[in-house]
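Structure, as structure tokens:
The values are calculated or read from the model by the stated rules, or taken from the named source; none is laboratory data. All figures in this text were calculated on a predicted structure; none of them were measured in a lab. Note: ideal-geometry Cβ built from the backbone for every residue, glycine included; neighbour counts use all protein chains shown. Quick note on the areas: whole protein, heavy atoms, side chains included, nothing else; ligands and nucleic acids left out. Shrake-Rupley method; radii C 1.70, N 1.55, O 1.52, S 1.80 Å.
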Amino acid sequence: MGRYILKRVLQFIPVFLGVTILLFLMENVVPGDPIKLMAGEKKLDATTELNLRIAYHLVEVDEDGNALYDEEGNVVETPLWKRYCLYLTGLLQGDLGTSYQRSGQAVTSILAEKYPYTIKLAVVAIILEAIIGIGAGTISAIKRYSAWDVGVTLTTSTLVAMPAFWFGMLLQLIFGIWLGILPISGVGGPTADFQDWAYYILPAVTLASVSTAYVARIMRSQLLEVLNQDYIRTARAKGLSRKEVIIHHALKNALIPVVTYIGMDFGSLLAGAILTETVFNWPGVGYETYRAISQRDWPIVLGSVTVIVVVVMVINLLVDISYAFLDPRIRLGASSDDE
């Protein structure tokens with residue numbers, strides 16, 4: 001187990017480097033001068049513009065921090081490889097850079113302020129996804145070809161085909177505008193018209209809708225497959241009841257691919273659902289990333305995506321480790337000779 005975990009952690013390194021290199025190249029390929037974008041319609045004076053370029057490592061400096069000039073009197077731009085090395089050094093020290101548009105605010109502090117909202121919403125969504133998805137899929141498999149099975153199949157097919165942002169706006173229209181029983185945006189507060197918990201309902205349902213449909217489908221198909229295995233027939237032949245067979249023998253094996261999907265989906269939810277958070281004006285990482293993309297605030301985009309990559313890799317590792325607990329036959333990291 002320890003060797004397997006070490007191997008997976010070492011695999012993080014090339015993935016992390018590859019993602020950060022691609023993101024850094026994208027920032028420098030997209031047209032537009034970030035320093036001029038900071039000023040908007042205003043024109044910066046030469047001294048202020050130069051100081052900003054020095055602060056963002058866009059030009060070379062001497063030991064005293066003064067800009068270097070070439071023979072023609074132009075400032076020497078920092079080579080791309082050197083800027084990436086400076087960026088990577090900052091990442092390893094926990095420095096995600098400084099925002100172009102937020103008055104020089106550190107990206108780390110911006111994400112630290114926004115992530116709690118995304119985490120809370122992701123936790124509520126993943127709980128709905130796990131409970132409803134696993135429950136619906138299990139009952140659908142047990143009561144195969146029943147009215148419940150048909151209803152689950154139709155509902156999941158509809159949710160999978162429906163864009164999440166459109167579903168969110170539909171929920172806003174029905175429950176927020178027509179019925180007026182739920183808030184349609186924001187996170188509440190002392191002066192809000194609803195209790196704080198009510199603000200989680202519509203965005204969490206929207207965020208979990210498509211994933212819940214997939215979980216129900218996976219759970220149904222896996223449980224049906226497991227129920228046809230020989231060891232299930234043996235358990236029934238020994239006199240165990242159908243309930244005991246399903247709970248103690250079938251569910252654990254059927255849950256393995258479901259846990260994989262839920263784990264990976266939880267990583268993506270923690271990354272921030274851009275469309276859902278934007279539709280519901282939810283002040284999380286997804287909405288912040290959307291704003292940063294629209295404003296070309298690349299330090300926030302790079303910082304948020306970098307955090308997303310780390311979160312997803314860690315979640316995937318935890319999911320892999322959980323296999324050994326769900327199914328003792330799986331021995332992570334064991335060689336073929338040991339099995």
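The listed residues are ARG217, ARG233, and the only one of them that is free of Cβ contacts under 8 Å to residues at least 12 places away in the same chain and at negative phi turns out to be ARG233. Filtering the stretch 84-108 down to residues that are open to solvent by 50 Å² or more (accessible area, probe 1.4 Å) and part of a helix (DSSP H, G or I), which residue is nearest to VAL160 (Cα to Cα)? Among them, the one singled out is THR108. The single condition from (1) at pLDDT 85 or above; (2) in contact with an Asp or Glu (Cβ under 7 Å, 6 or more places away or on another chain) that THR138 fails is (2). Of all residues in the stretch 137-147, those satisfying the criterion of being assigned to a helix (DSSP H, G or I) and closer than 22 Å to GLU244 by Cβ are GLY137, THR138, ILE139, SER140, ALA141, ILE142.
Table: residues versus (1) small (Gly, Ala, Ser); (2) within 27 Å of the chain's Cα centre (by Cα); (3) open to solvent by less than 60 Å² (accessible area, probe 1.4 Å).
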position	(1), (2), (3)
PRO190	no, no, no
ASP196	no, yes, no
LEU202	no, yes, yes
THR206	no, yes, yes
SER211	yes, yes, yes
ALA216	yes, yes, yes
LEU223	no, no, yes
TYR231	no, no, no
THR234	no, no, no
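All conditions but one from (1) of a type in the set (A, V, I, L, M, F, W, C); (2) closer than 18 Å to ILE132 by Cα; (3) over 23 Å from the mean Cα position of the chain (by Cα) apply to TRP178; the one that does not is (2). Got a number for residues in the stretch 86-103 being without any contact (Cβ under 8 Å) to a residue 12 or more places away in the chain and under 26 Å from the mean Cα position of the chain (by Cα)? Residues meeting the conditions: 4. Restricting the search to the stretch 138-170, which residues are under 14 Å from ALA208 (Cβ atoms) and surrounded by 17 or more Cβ atoms within 10 Å (Cβ to Cβ)? Within the stretch 138-170, THR156, LEU159, ALA164, PHE167, GLY168 meet the criteria.
Contact annotation: residue pairs with Cβ atoms under 6 Å, 6 or more positions apart or on different chains, pairing a residue in the stretch 52-65 that is open to solvent by less than 40 Å² (accessible area, probe 1.4 Å) with a partner that is among the basic types (Lys, Arg), are VAL59/ARG53. Screening the stretch 66-80 for residues that are outside any loop (DSSP other than H, G, I, E, B) and under 20 Å from TYR100 (Cβ atoms) and picking the one that is most open to solvent (accessible area, probe 1.4 Å) gives GLU77. If you go through the stretch 258-283 and keep only what is open to solvent by 30 Å² or more (accessible area, probe 1.4 Å) and closer than 14 Å to MET169 by Cβ, you end up with LEU275, THR278, VAL279, ASN281. When you look at VAL245, is it without any contact (Cβ under 8 Å) to a residue 24 or more places away in the chain, among the β-branched types (Val, Ile, Thr) and under 22 Å from LYS143 (Cβ atoms), yes or no? Considered against the rule, which asks whether it is without any contact (Cβ under 8 Å) to a residue 24 or more places away in the chain, among the β-branched types (Val, Ile, Thr) and under 22 Å from LYS143 (Cβ atoms), VAL245 comes out as yes. Summed over the stretch 138-170, residues that are within 24 Å of the chain's Cα centre (by Cα) and small (Gly, Ala, Ser) total 4. Looking only at residues of the stretch 306-322 that are more than 12 Å from the chain's Cα centre (by Cα) and β-branched (Val, Ile, Thr), we find that the one that is most open to solvent (accessible area, probe 1.4 Å) is ILE321.
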